[in-house]
Amino acid sequence: MSTIGLIGTGKIGSNLARMAVAAGHHVVLSNSRGPESLADLVAELGERVSAATPVEAALAGDLVVVSLPLYALRDVPAAELAGKVVIDTSNYFAERDGTVPELESGAVTVSELLQEHLEKSKVVKCFNNLYYRHMSLLARPSGAPDRTHLTMAGDDAEAKTAAAEFIGGIGYSVVDAGPLAEGWRFEFGRIAYAVYTDVTTERDENGIHGPAIRTADEVREALAKARR
């Protein structure tokens, strides 16, 4: 199996690490606090997991996941990711990231900003609109009739194929929303952003409803309804 580099091991990143290990991948974890801060997660996930710096994770990964707040994206190592497929899970929250005029105006999307920074990489947007506690609950094996379809966007066809293979291996099918410029359709505040929650269920302590399985048609309908 391949090696997955993870730059950022917050709630989404750490859950993706767990799912990648369960699917048989080797995983190299990294964050801004240093490898020693990841000792507990490495111990939990076992022998196929190691901790490193972001530069080392970028170099080690056959495919690399960037799971950072938007304000930290400029810290992602660019040279070491040249030529690689990079899955971006980022979202824009002005109250956290500061106001970004080009995002406010719709001139660019969140993942286009990362692609601009990683000009020699192949960025694919996914996992930004899935609540971290629902990730393992919605995963299903290949061929399952209730398999959830995630949204994906990217400018490179081969990169999207590679990303879809990884996503498929950890339990999901995908719906291709088009190029990165169309990624706004499942950014925060759009219908497709919250499509994987079931509003008929009780909220948890964070105010989030339970998980909702979504078919390809349901996801495409949500994407089509998006308005700027």
Percent antiparallel among DSSP beta bridges (both partners in the chain, rounded to 5):
15
Report the semi-axes of the equivalent ellipsoid for region 97-216 in whole Å, largest first, where each axis is √(5λ) for an eigenvalue λ of the Cα gyration tensor.
25, 20, 11
What is the set of long-range amide H partners of residue 150 at a cut-off below 5 Å, with H atoms built 1.01 Å from backbone N?
173, 174, 175
Restrict the search to region 160-195; then list the chymotrypsin sites (Phe, Trp or Tyr not before Pro) that DSSP places in a loop and that have at most 16 other Cβ atoms within 10 Å of their Cβ.
188
So for the chain, considering every pair of alpha-carbon atoms, how many percent are separated by more than 34 Å?
8
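Accessible area per residue, 1.4 Å probe, Å², for region 93-228: what's the number?
Details: 6660 Å² over 136 residues.
Roughly 49 Å² per residue, with all protein chains present.
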Would you tally the net charge around residue 159, using a Cβ to Cβ cut-off of less than 12 Å, leaving residue 159 out, and scoring K and R as +1, D and E as -1?
-2
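Which GluC sites (Glu not before Pro) does region 150-227 hold that lie in a coil by DSSP with at most 15 other beta carbons within 10 Å?
202, 205
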The aspartates and glutamates whose Cα lies under 18 Å from the Cα of residue 120, excluding any fewer than 8 residues away in the same chain, are 56, 62, 75, 80, 88, 112, 155, 156, 158
Which shape class applies to region 43-141: rounded if a/c is under 1.5, otherwise prolate when a/b exceeds b/c and oblate if not, where a ≥ b ≥ c are the square roots of the Cα gyration tensor eigenvalues?
oblate
List the relative contact order of the chain as a percent without decimals, with contacts defined as Cα pairs under 8 Å and 6+ residues apart.
16
In whole percent, and with a 1.4 Å probe on the protein chains, what portion of the accessible area of region 92-170 is carbon and sulfur?
50
Mind listing which GluC sites (Glu not before Pro) in region 1-101 are in a DSSP loop and have 15 or fewer other Cβ atoms within 10 Å?
47
Could you give the Stokes-Einstein D for region 6-79 in µm² per second, using the C-alpha Kirkwood radius, 4 °C, 1.567 mPa s?
107
Please get the size of the charge dipole for the chain, origin at its Cα centre, with Cβ charges of +1 on Lys and Arg and -1 on Asp and Glu, quoted in debye to the nearest 20.
340
Take every Cα pair under 8 Å in region 96-228 that's 6+ residues apart, average their separations, divide by the length, and report that relative contact order as a whole percent.
25
For the chain, with the dipole built from +1 on Lys and Arg beta-carbon atoms and -1 on Asp and Glu ones, taken about the Cα centre, which of 129, 108, 4 lies farthest toward the positive end?
129
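Going by a ≥ b ≥ c, the root eigenvalues of the Cα gyration tensor, does region 157-228 fall in the rounded group (a/c under 1.5), the prolate group (a/b larger than b/c) or the oblate group?
Oblate.
The values are calculated or read from the model by the stated rules, or taken from the named source; none is laboratory data. Remember, predicted model here, so these are calculated numbers, not experimental data. We place every Cβ from the backbone using ideal geometry, glycine too, and count neighbours over all the protein chains shown. The area values use the complete protein model at the heavy-atom level, side chains included, leaving out ligands, DNA and RNA. Shrake-Rupley method; radii C 1.70, N 1.55, O 1.52, S 1.80 Å.
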